[in-house]
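**Q** Before I ask anything, let me first share the structure, which is written out below as structure tokens.
The values are calculated or read from the model by the stated rules, or taken from the named source; none is laboratory data. Bear in mind that the values here come from a model prediction, so they are computed numbers and not experimental data. Cβ atoms come from the backbone with ideal geometry, glycine included; neighbour counts cover every protein chain shown. Remember, those area values only see protein heavy atoms, side chains included, never the ligands or the DNA or RNA. Shrake-Rupley method; radii C 1.70, N 1.55, O 1.52, S 1.80 Å.
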Protein chains: 2
Amino acid sequence: MTTGLQDFLEDIQRVENFEEFQDATVKLRDLLGIAHVVYHWVNSVGERFGAGTYSSEWVDRYLEKDYLRMDPVIFGCFQRFTPVSWKQLDWSSKAAKAFYRDAMDYGVGNQGYTIPIRGPNGQFALFTLNDNTTDDAWDQLIARNERDLVVVAHEFNKKALSFDAQNEVQVGPSLSPREASAITHLAKGLSRSQAAVEMGISEHTLRVYIESARHKLGAMNTTHAVARALSMGLIIV
Amino acid sequence: MTTGLQDFLEDIQRVENFEEFQDATVKLRDLLGIAHVVYHWVNSVGERFGAGTYSSEWVDRYLEKDYLRMDPVIFGCFQRFTPVSWKQLDWSSKAAKAFYRDAMDYGVGNQGYTIPIRGPNGQFALFTLNDNTTDDAWDQLIARNERDLVVVAHEFNKKALSFDAQNEVQVGPSLSPREASAITHLAKGLSRSQAAVEMGISEHTLRVYIESARHKLGAMNTTHAVARALSMGLIIV
DNA sequence: TTTACCCTCCCCAGAAATAGCGAGGCAGGG
DNA sequence: CCCTGCCTCGCTATTTCTGGGGAGGGTAAA
């Protein structure tokens, strides 16, 4: 560790509740001398959890306007493994530009760096640093802390997951091999009859797998089941 | 960084092909003075990519016996976010015990530490350290390198992903807001009629969006379209 | 201004999926 | 040994989707 982040890691590990978690984001912000530090996650059921230094006005507006569905940071990170500087993202669409302007108006800085983190059952979280500064200054800050930040982001996520585990006793469903196979074929676009041929079983049997998978996944129909299996990482197309 | 892993990180970043990737695992093994270092990724469909210091006999046997389906390391890591020591896993089932004995016979050490890593589109990889030593010695080694190893694991995965990306020339399609919205509702489990109500339009209109999205995505049916939109990261449920 | 894409609405017939019931065999863990 | 979970197959009626065909108006870029 080349900066003071080493000590900060110890702090995170002592976090025991949401308030302390929130405090940790503030502390990290001050430590780095930047405008904002934010952690939030989106899970496959649509629940959300977040902490950070954005103003509550901005958070409310973000939710109200459903910016989640047009935020280039979300989209960019969703398709990527590596952290991204916001500059690298595609802000060309009209919606994205409007969103960007709106964010600035609510005190979000022009420079951002977001680390995507993925957990079990399709959990997807983002850890973001934000500031108002020049490209050069920002790049230097990132370059200096790049590796440590990955570790910090993971520690934040670990904590967030541990909070969540208290509430949810469930470990997420799992599919039997045949169920997974059936759902996978459907996700590839095969009809039930085609999938049955592919698997060498009767369509009736295949249907039982789909039904069974549907129930395990708590899905209302086949399409929903496929969507859930995909976002929980139970199948891969 | 508290160990020599700092320099090693530079090495990984210079890796340009599979041979160098493989060499990097060997180098890390020697650096840490342990028996094995292995990176591999799992793709529940069966595709795999891997590099490491396990003997080819063991790798072959692993595949031949389909150990992927009963390996407690795979299972454990799949449900977890944090790295695990193999000791913490559940080795109580008959199949797991047989697998463990077999692994020992093929030169795998009794101590293991595996870091799960998840990427876009349900990518799931494992980075494993392995050695033959006492519990105490192993715990100390891990404690000393815990954080650095997370970074190292991520660098390995980044490289592996970049090799894979060379093969795929993807310039995905994009959906119009209404199309994306329609597909998102279907992915949430709504029927066409429900989704139409939700969007405040007629079911006929909704159908046009779905059709249009289907064509853009090159999908054979609605389920396929939803699956593609999800795995391309075009929608978020 | 033209072109292109987006949003909205309509009809119909055939294909496919769904919900609800059933049955039996086989393996593993407690 | 029993129980649970998995794999396999069957029937029927109802609902939903799919694949064609239309039409008109809006906005934005070329």
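**Q** When you check B:S55 against the structure, is it modelled with pLDDT under 90 and more than 21 Å from the chain's Cα centre (by Cα), yes or no?
**A** Numbers: modelled with pLDDT under 90: no; more than 21 Å from the chain's Cα centre (by Cα): yes.
So B:S55 fails the test.
**Q** Against the definition (within 14 Å of chain B (Cβ to nearest Cβ), of a type in the set (K, R) and closer than 24 Å to A:K158 by Cα), how does A:R69 come out, yes or no?
**A** Against the criterion (within 14 Å of chain B (Cβ to nearest Cβ), of a type in the set (K, R) and closer than 24 Å to A:K158 by Cα), A:R69 does not qualify.
**Q** Can you tell me which of A:D90, A:D23 is of a type outside the set (K, R), at pLDDT 90 or above and open to solvent by 60 Å² or more (accessible area, probe 1.4 Å)? Before the answer, list the steps.
**A** Details: A:D90 fails: at pLDDT 90 or above.
A:D23 is the lone residue from the list that is of a type outside the set (K, R), at pLDDT 90 or above and open to solvent by 60 Å² or more (accessible area, probe 1.4 Å).
**Q** Here's another thing I want to ask about it. Just checking, does the stretch B:190-205 include any residue being at positive phi, modelled with pLDDT of 90 or more and either out of contact with any Leu (no Cβ under 8 Å at 6 or more places or on another chain) or within 11 Å of DNA strand D (Cβ to nearest atom) (or both)? Before the answer, list the steps.
**A** So the first thing to find is which residues in the stretch B:190-205 are at positive phi, and the list is B:200.
This time we only want the ones that are modelled with pLDDT of 90 or more, so: B:200.
Cutting the leftovers down to either out of contact with any Leu (no Cβ under 8 Å at 6 or more places or on another chain) or within 11 Å of DNA strand D (Cβ to nearest atom) (or both) gives us B:200.
The answer is yes; a qualifying residue exists.
**Q** I'm trying to understand the selection: among the residues of the stretch B:71-87, which are within 21 Å of B:G122 (Cβ to Cβ) and either of a type in the set (V, I, T) or open to solvent by 70 Å² or more (accessible area, probe 1.4 Å) (or both)?
**A** Selection gives B:V73, B:I74, B:F75, B:F78, B:Q79, B:R80, B:T82, B:V84.
**Q** Applying the selection to the stretch B:83-116, what residues are out of contact with any helix residue (DSSP H, G or I) (no Cβ under 6 Å at 6 or more places or on another chain) and among the polar types (S, T, N, Q)?
**A** Across the stretch B:83-116, the qualifying residues are B:S85, B:Q88, B:S92, B:S93, B:N110.
**Q** With the requirement that a residue be at pLDDT 90 or above, within 16 Å of DNA strand C (Cβ to nearest atom) and of a type in the set (S, T, N, Q), what does the stretch A:151-187 give you?
**A** Passing the criteria: A:S181, A:T184.
**Q** Hey, another quick one. B:I236 passes all but one of (1) within 11 Å of DNA strand D (Cβ to nearest atom); (2) in contact with a Leu (Cβ under 8 Å, 6 or more places away or on another chain); which number fails?
**A** (1)
**Q** Another question, if that's okay. Identify, by number, the condition in (1) polar (S, T, N, Q); (2) more than 8 Å from chain A (Cβ to nearest Cβ); (3) more than 30 Å from B:D30 (Cβ to Cβ); (4) open to solvent by less than 40 Å² (accessible area, probe 1.4 Å) that B:T184 doesn't meet.
**A** (2)
**Q** Report those helices (runs of 4 or more DSSP H) wholly inside the stretch B:23-119 carrying at least 1 residues which are polar (S, T, N, Q) and without any contact (Cβ under 8 Å) to a residue 40 or more places away in the chain. Full working, then the answer.
**A** On the way: elements: B:56-64, B:72-78, B:94-105.
Passing ranges, in order: B:56-64.
**Q** I'd like the residue in the stretch A:123-133 that is part of a strand (DSSP E or B) and away from chain B (no Cβ under 14 Å) and, out of all such residues, is most open to solvent (accessible area, probe 1.4 Å). Break it down stepwise before answering.
**A** In the first step, residues of the stretch A:123-133 are kept if they are part of a strand (DSSP E or B); the result is A:124-131.
Those left that are additionally away from chain B (no Cβ under 14 Å): A:128-131.
On the way: A:T128: 9, A:L129: 3, A:N130: 0, A:D131: 28 Å².
Ranking the candidates gives A:D131 first.
**Q** Can you tell me which of A:R144, A:R178 is away from DNA strand D (no atom under 16 Å from the Cβ), open to solvent by 30 Å² or more (accessible area, probe 1.4 Å), more than 11 Å from chain B (Cβ to nearest Cβ) and over 24 Å from the mean Cα position of the chain (by Cα)? Full working, then the answer.
**A** Working: A:R178 fails: away from DNA strand D (no atom under 16 Å from the Cβ).
Answer to the check: A:R144.
**Q** In the stretch A:169-179, is there at least one residue being without any contact (Cβ under 8 Å) to a residue 40 or more places away in the chain and in contact with a helix residue (DSSP H, G or I) (Cβ under 6 Å, 6 or more places away or on another chain)? Even if it seems obvious, please write down each step before you answer.
**A** Residues of the stretch A:169-179 that are without any contact (Cβ under 8 Å) to a residue 40 or more places away in the chain, as a first pass: A:169-171, A:176-179.
In the following step, the residues that additionally are in contact with a helix residue (DSSP H, G or I) (Cβ under 6 Å, 6 or more places away or on another chain) were identified as A:178-179.
Yes: the stretch A:169-179 contains one or more residues that are without any contact (Cβ under 8 Å) to a residue 40 or more places away in the chain and in contact with a helix residue (DSSP H, G or I) (Cβ under 6 Å, 6 or more places away or on another chain).
**Q** Out of (1) within 14 Å of chain A (Cβ to nearest Cβ); (2) closer than 21 Å to B:L31 by Cβ; (3) of a type outside the set (A, V, I, L, M), the odd one out for B:P120 is which?
**A** All conditions are met except number (2).
**Q** Mind checking which pairs have a first residue in the stretch A:198-209 that is touching a residue at least 24 places away in the same chain (Cβ under 8 Å) and within 18 Å of A:A187 (Cα to Cα) and a second that is of a type outside the set (K, R) and within 6 Å of DNA strand D (Cβ to nearest atom), Cβ under 7 Å, 6 or more apart or different chains?
**A** Listed by first residue and then by second, the contacts come to A:Y209/A:E179.
**Q** What number goes with the only condition from (1) within 14 Å of chain A (Cβ to nearest Cβ); (2) more than 14 Å from B:L129 (Cα to Cα) that B:V84 does not pass?
**A** Looking at each condition in turn, B:V84 falls short on (2).
**Q** May I pose another question? Can you name the number of the only condition in (1) of a type in the set (A, V, I, L, M, F, W, C); (2) free of Cβ contacts under 8 Å to residues at least 60 places away in the same chain; (3) within 25 Å of A:P120 (Cα to Cα) that A:I235 fails?
**A** Here A:I235 clears every test but (2).
**Q** Read through the list (1) within 16 Å of DNA strand D (Cβ to nearest atom); (2) at positive phi, then give the number of the only condition that B:I183 fails.
**A** Failed condition: (2).
**Q** While we're here: Tell me, please, whether a residue that is open to solvent by less than 10 Å² (accessible area, probe 1.4 Å), in contact (Cβ under 8 Å) with a residue 40 or more places away in the chain and not aliphatic (A, V, I, L, M) can be found in the stretch A:150-165.
**A** Let us first name the residues in the stretch A:150-165 that are open to solvent by less than 10 Å² (accessible area, probe 1.4 Å), namely A:151-153, A:156-157, A:160.
With the extra rule that they be in contact (Cβ under 8 Å) with a residue 40 or more places away in the chain, the set shrinks to A:151-153, A:156-157, A:160.
Pick out the ones that are also not aliphatic (A, V, I, L, M) and you get A:156-157.
The answer is yes; a qualifying residue exists.
**Q** Okay, moving on. Scan the stretch B:191-231 residue by residue and report those that are of a type outside the set (G, A, S), open to solvent by less than 60 Å² (accessible area, probe 1.4 Å) and under 22 Å from A:A195 (Cα atoms).
**A** First, the residues of the stretch B:191-231 that are of a type outside the set (G, A, S): B:192, B:194, B:197-199, B:201, B:203-211, B:214-217, B:220-224, B:226, B:228, B:230.
Checking the rest, the ones that are also open to solvent by less than 60 Å² (accessible area, probe 1.4 Å) come to B:199, B:201, B:205-206, B:209-210, B:214, B:217, B:221-224, B:226, B:230.
Selection gives B:R214, B:L217, B:N221, B:T222, B:T223, B:H224, B:V226, B:L230.
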